[in-house]
Amino acid sequence: MGGLKLSRAEAEDFLYDEADLLDGWDLEAWLALCTDDVVYEVPATGMADGSPATSLFLIHDDRFMLESRVKRLLSRNAHAENPRSRTRRLITNVRVSPAESAGSGTDEVTVAASFHVIRFRDDAMHQYVGRYTYRLRQVDGQLRIAHRRAALDADSLRHSGGKVSILL
Amino acid sequence: MVRRRVLVNALSMEQPFIVDDPSTNTFRVNRRAMVDPEVLAAERANIFDRTWLYLGHESEVAQPGDYVSRTVGGRALVLCRDLDGKVQAWLNTCTHRGATVCRETKGHGRFLTCFYHAWSFDLAGNLATLPDAEAYGPGFDRAALALKRPPRVDTYRGFVFVSYNPAVIPLVDHLAGARDYLDLVCEQSDTTMAILPGTQEYSIEANWKLLVENSIDGYHAMSTHATYMDYLMTAMRRAAEATGEKLAPPSLDGRAHDLGNGHAVIEYTAPWARPTARWAAPLDPALREPLAARRAELAERHGEERARRICETSRNLLIFPNLIVNDIMAVTVRAFEPVTPGLMHVRAWELAPVGEPGALHEVRLDNFLTFLGPGGLATPDDVEALECCQRGFTSWRELPWSDISRGMAQERPGITDELQMRAFWRRWNQMIGGSDPAAAGDGAGGGETEVRLRAVGGGR
């Protein structure tokens with residue numbers, strides 16, 4: 001078992017700082033929070049517990065794909081985000097538990113949280129509501145994201161502008 | 001110049017919807033078709049109520065007792081497999097007083113039960129039980145109160161279609177030249193193809209016909225999807241550096257085909273890998289051999305030329321009016337319906353060979369997500385493009401025409417031409433206006449075909 005201990009307050013600080021980077025479009029700094037073997041995934045709606053190895057997801061990124069996503073979002077050619085949307089992330093109900101599958105003897109914890117991400121663009125308001133599940137790992141004394149799942153509660157993306165064009 | 005006038009009773013129209021003049025390579029679509037509620041009403045009456053519509057795939061109800069519910073052509077339906085193993089489609093409404101008998105999008109059970117008065121139907125549609133049945137007296141006709149089917153239900157290679165038109169032509173005739181392309185998709189498997197768990201459910205604030213055009217549009221790939229192409233080339237370059245191979249420049253090369261009855265396809269070669277069965281970077285070099293073996297099996301089974309098409313070519317297939325089967329780096333099945341002239345609901349699924357080896361299957365799943373779907377690197381920009389078009393159409397009275405003439409002067413229109421969209425629009429125009437379907441097609445030389453719609457009201 002990993003030896004990483006994280007208080008709820010520490011986990012909240014980490015999530016709030018992360019949300020601030022994402023809302024501020026400081027995506028390179030956000031990417032630096034991720035490990036080299038990071039996985040970022042968004043299951044299809046109605047499939048919160050699905051596996052990306054066997055079912056259709058909305059997003060299943062490894063580090064390279066995530067870097068490509070960030071590069072794309074920061075370019076002028078991510079048309080769905082040019083001009084950029086403004087987002088506000090409300091994060092609550094944060095819980096910390098020992099990592100279920102601590103990888104290769106590293107120090108990891110699981111953090112779960114509820115999110116409400118509101119996106120404004122073209123005078124429209126789009127909402128994403130759901131549950132984050134993180135595996136956080138201690139790397140060189142710093143807390144890093146090894147796994148990040150954003151599972152949506154909605155039946156469809158029809159309240160979310162029909163897409164997930166931001167980092168959820 | 002030949003001019004035809006077709007008058008129908010549902011719409012008033014000062015200008016035609018389509019100007020189609022091969023002699024001057026002119027093809028224009030009136031943007032009113034994208035914004036007018038009267039046009040949508042005519043589409044519902046003349047297209048969605050008249051032709052075949054995709055309901056779902058047999059694999060979604062693989063086991064007896066499985067059911068899914070969804071809305072098709074504006075009607076709530078249930079697709080299920082009864083306990084004898086037969087695939088059934090039902091109107092999702094109780095024959096008693098109308099409430100839905102299935103309120104889950106997906107489930108498994110022996111009965112479809114209306115909770116309102118607890119009438120219960122088996123999956124073969126029979127009215128199985130109802131409370132206090134004896135109160136109805138001796139003449140009560142249970143058989144007449146069985147669940148009701150859409151007027152026509154038929155299946156082609158696992159794809160289940162319905163029609164609300166009892167006199168519709170047989171499904172195989174309707175599919176026309178699209179059959180061969182569905183066959184090519186299905187031949188990826190020696191046994192059967194199946195829809196994987198998970199649905200991408202989204203919406204686009206744009207007219208549904210814009211997604212028809214977009215789904216088979218090769219012209220926009222390099223402009224709209226520059227960030228995807230950048231991702232793909234970076235991935236290929238990294239892999240090429242690792243193996244020391246030369247990197248071929250990206251190109252999409254192929255043809256567009258009018259498949260009859262409004263169906264159309266673009267078929268082309270592309271730089272990306274295909275799980276059945278084309279190795280390309282950045283796939284793991286260890287997969288080279290299994291993919292070559294799979295290709296050899298398919299050549300054995302279908303002949304070399306057919307195997308080449310199954311494995312090497314990608315295809316974006318439109319089945320009129322609103323089904324897309326895009327067989328590219330993975331296979332997506334996408335169906336969409338208008339809600340209002342400026343809003344459509346979209347559903348997309350992933351189709352894959354049953355029993356595909358795990359490593360290839362995972363590649364297929366991840367390939368799908370890099371480009372496709374509302375969280376991919378490409379689809380969000382398509383959504384944005386279509387919504388921008390719809391916003392642009394606000395000035396349709398001042399600028400009524402969209403140009404869809406690209407490639408009309410070409411002997412062999414390619415995938416960046418617009419023949420495939422003209423095939424759709426010609427069929428749409430015939431159905432909406434009730435005009436003679438003869439003499440339509442690039443090079444048909446029929447002169448300008450003009451459909452005028454007039455007079456008012458009521459609709460159907």
Taking only DSSP H segments of four or more residues, each worth -39500 (n - 2.57), what value at 222 nm results for chain A once the sum is divided by all its residues, to the nearest 500 deg cm²/dmol? -6000 deg cm²/dmol
Along each of its three principal axes, how wide is the spread of alpha-carbon positions in region B:105-192, in whole angstrom units, largest first? 56, 31, 19
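With a ≥ b ≥ c the root eigenvalues of the C-alpha gyration tensor of region B:224-361, is it rounded (a/c under 1.5), prolate (a/b larger than b/c) or oblate? Walk me through the intermediate numbers first.
Working: a/c = 1.89, a/b = 1.45, b/c = 1.30.
Cα axes put region B:224-361 in the prolate bin.
Relative contact order for chain A: what percent, with Cα pairs under 8 Å and sequence separation of 6 or more?
On the way: 298 pairs, mean separation 44.2, N = 168.
Once normalised by length, the contact order is 26 percent.
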What distance in nm lies between label points placed 7 Å from Cα along the C-beta direction at B:N25 and A:Y16? 6.4 nm
Under a Cβ-Cβ cut-off of 12 Å, what is the net charge of the residues other than B:A270 that fall near it, where Lys and Arg count +1 and Asp and Glu count -1? -1
Non-local residues with an amide H under 5 Å from the amide H of B:A270, with H modelled 1.01 Å from N and Pro and chain starts lacking one, are B:S314
Could I have the simple spin-label model distance between B:R157 and B:R237, label points 7 Å from Cα toward Cβ, reported in nm to one decimal? 3.8 nm
Whole-Hz Karplus ³J(HN,Hα) for region B:87-92, in order, using 6.51 cos²θ - 1.76 cosθ + 1.60 and θ = phi - 60°, x for Gly and Pro? 6, 10, 10, 10, 5, 7
So for A:I118, B:I266, B:I47, fewest C-beta neighbours within 10 Å to most, what's the order? A:I118, B:I47, B:I266
Long-range amide H partners of B:I18 with built H, under 5 Å: B:N30, B:V451
Compute the distance from the alpha-carbon center of region B:216-257 to that of region A:25-73, in whole Å. 22 Å
Round to a whole angstrom and tell me the spacing of the C-alpha centers of region A:122-156 and region B:52-104. 35 Å
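By how many nm would the segment from B:A359 to B:N165 grow when fully extended, if each residue of separation counts as 0.36 nm and the alpha-carbon distance is taken off?
On the way: separation 194, 0.36 × 194 = 69.84 nm, distance 4.44 nm.
Roughly 65.4 nm would be gained on extension.
Step by step: find N for region B:329-375, compute 2.2 N^0.38 Å, then divide the Cα radius of gyration by it. What's the final number? Display every interim value, and only then the final one.
Working: Rg = 13.6 Å, N = 47, 2.2 N^0.38 = 9.5 Å.
Dividing the Cα Rg of region B:329-375 by 2.2 N^0.38 Å gives 1.43.
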Collect residues whose amide H, placed 1.01 Å from N in the peptide plane, falls under 5 Å from the amide H of A:L58; neighbours closer than 5 in sequence don't count. A:V42, A:A44
Can you check how the C-alpha radius of gyration of chain A compares to 2.2 N^0.38 Å, as a plain ratio? 1.01
Partner lysines whose C-alpha sits under 24 Å from that of B:K86, ignoring same-chain residues fewer than 8 away, are B:K106, B:K148
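Over all directions, average the projected area of the Cα convex hull of region B:230-292 and note it in nm². Walk me through the numbers before you get to the answer.
Values: hull surface 22.2 nm².
For the Cα atoms of region B:230-292, the hull's average projected area reads 5.6 nm².
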Cα-based convex hull volume of region A:36-90 per residue, rounded to whole Å³: 127 Å³
Provide, as a two-decimal number, the C-alpha radius of gyration of region B:104-251 over 2.2 N^0.38 Å, N being how many residues it has. 1.71
Using 19 Å as the cut-off for backbone N distance, which residues of region B:368-411 belong to the label zone defined by a point 7 Å from the Cα of B:T105 along Cα→Cβ? B:369, B:372-376, B:380
Cα extents of chain B along the three principal axes, largest first, in whole Å? 82, 59, 38
Per-bin percent of Cα-Cα distances, region B:41-96 [10 Å]: 23, 43, 27, 7
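Hey, what number do you get for chain B at 222 nm if only DSSP H runs of n ≥ 4 count, each worth -39500 (n - 2.57), divided across all residues, to the nearest 500? Spell out each step's value before the answer.
On the way: 12 runs with 122 residues, N = 460.
Taking each H run of at least 4 residues, the total per residue is -8000 deg cm²/dmol.
Relative contact order of chain B, please, whole-number percent, based on alpha carbon pairs below 8 angstrom and at least 6 residues apart. Could the numbers behind the result be given before it?
Details: 929 pairs, mean separation 122.8, N = 460.
Averaging sequence separation for qualifying contacts and normalising by length gives 27 percent for chain B.
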Considering the protein assembly as shown, which cysteines have no disulfide-compatible partner, defined as another cysteine with its Cβ under 4.7 Å away? A:C34, B:C80, B:C102, B:C186, B:C311, B:C388, B:C389
Project the alpha carbons of the protein assembly as shown onto their principal axes and report the range along each, largest first, in whole Å. 77, 73, 57
Cut-off under 24 Å on the C-alpha distance; same-chain residues fewer than 8 positions from B:K209 excluded. Which lysines are left, in chain and number order? A:K163
At 0.36 nm per residue, and after removing the present C-alpha to C-alpha distance, how many nm does the segment from A:L90 to A:S75 gain when stretched out fully? 2.8 nm
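The numbers here are math on the coordinates, done by the rules we state, and not lab data. Every value quoted in this text rests on a predicted model; they were computed, and no experiment measured them. When we count neighbours, we look across all protein chains shown, and the Cβ atoms used for this are built from the backbone with ideal geometry, even at glycine.
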